[in-house]
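A.B. asks: Quick one: this structure, given as structure tokens, is what I'll be asking you about.
Just so it is clear, none of the values below were taken in a lab; they were calculated from the coordinates. All values derive from a computational prediction rather than experimental measurement. Every residue, glycine as well, gets a Cβ built from its backbone with ideal geometry; the counts of neighbours run over all protein chains shown.
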Amino acid sequence: MIHFRDATMHDLPAIVAIYNTTIAGRMVTADTEPVTVESRISWFKSHSPVRPLWVVEDEKGNIAGWVSIKSFYGRPAYQATTEIAIYLDPAYRGKGFGKQILEEATERCRAIGISTLLGFIFAHNEPSLRLFKHAGFEQWGLFPDVAVLDGVKRSLAILGKRITH
């Protein structure tokens, strides 16, 4: 069982720690060095009730991961379209939490007036691509070889899903 709640500044160290666990694998983020809590304060503050940052807790209250919803393009016509990012603590990966989190996040986004969700996922990140496709997302775009990680060119897939019509 998982529980969503709005993130607080107190949660930022855990959010950053989870994020930093993904950097070395070169599959999830384009950051190549760990980030600091201080460097993520403005990002944290950019979230709001209509662009939420949620932490996800397990049944014991441990932070299992987090979900960020942010504006897609920043122009008024795109207000109902957002980017979703999900990050899980390593202890919770591969155990079905991602499916539960994506489903709940989708419902929460629908409730706050979001009609389209986008996921920006490295094309070589098969686990995340499977997760999103299982949830009904489709590939809407591909930016070939737009990132270079450790000298290797990587493509970025854009997956989308309409959650209201």
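A.B. asks: Suppose we filter Arg93, Arg40, Arg110 for residues that are of a type outside the set (Ser, Thr, Tyr) and exposed (fewer than 14 other Cβ atoms within 10 Å of the Cβ); which single one remains?
C.D. replies: Arg110
A.B. asks: Just to check your reading of the model, which residue among Thr21, Thr8, Thr32 is in contact with a helix residue (DSSP H, G or I) (Cβ under 7 Å, 6 or more places away or on another chain) and either of a type in the set (S, T, N, Q) or exposed (fewer than 12 other Cβ atoms within 10 Å of the Cβ) (or both)?
C.D. replies: Unique residue meeting the criteria: Thr21.
A.B. asks: Going by the structure shown, is Ile18 more than 28 Å from Thr164 (Cα to Cα) and in contact (Cβ under 8 Å) with a residue 12 or more places away in the chain?
C.D. replies: It is true that Ile18 is more than 28 Å from Thr164 (Cα to Cα) and in contact (Cβ under 8 Å) with a residue 12 or more places away in the chain.
A.B. asks: Right, here's the next one. Looking only at segment 33-62, how many residues end up being out of contact with any Lys or Arg (no Cβ under 8 Å at 6 or more places or on another chain), in contact (Cβ under 8 Å) with a residue 40 or more places away in the chain and under 25 Å from Leu156 (Cα atoms)?
C.D. replies: Counting residues in segment 33-62 that are out of contact with any Lys or Arg (no Cβ under 8 Å at 6 or more places or on another chain), in contact (Cβ under 8 Å) with a residue 40 or more places away in the chain and under 25 Å from Leu156 (Cα atoms) gives 1.
A.B. asks: Based on this model, can you work out whether Leu117 counts as under 10 Å from Leu159 (Cβ atoms), buried (at least 19 other Cβ atoms within 10 Å of the Cβ) and touching a residue at least 40 places away in the same chain (Cβ under 8 Å)?
C.D. replies: yes
A.B. asks: To continue, here is another question. Without any contact (Cβ under 8 Å) to a residue 40 or more places away in the chain, closer than 28 Å to Arg154 by Cα and of a type in the set (Gly, Ala, Ser), is that true of Ala85?
C.D. replies: Yes: the conditions hold for Ala85.
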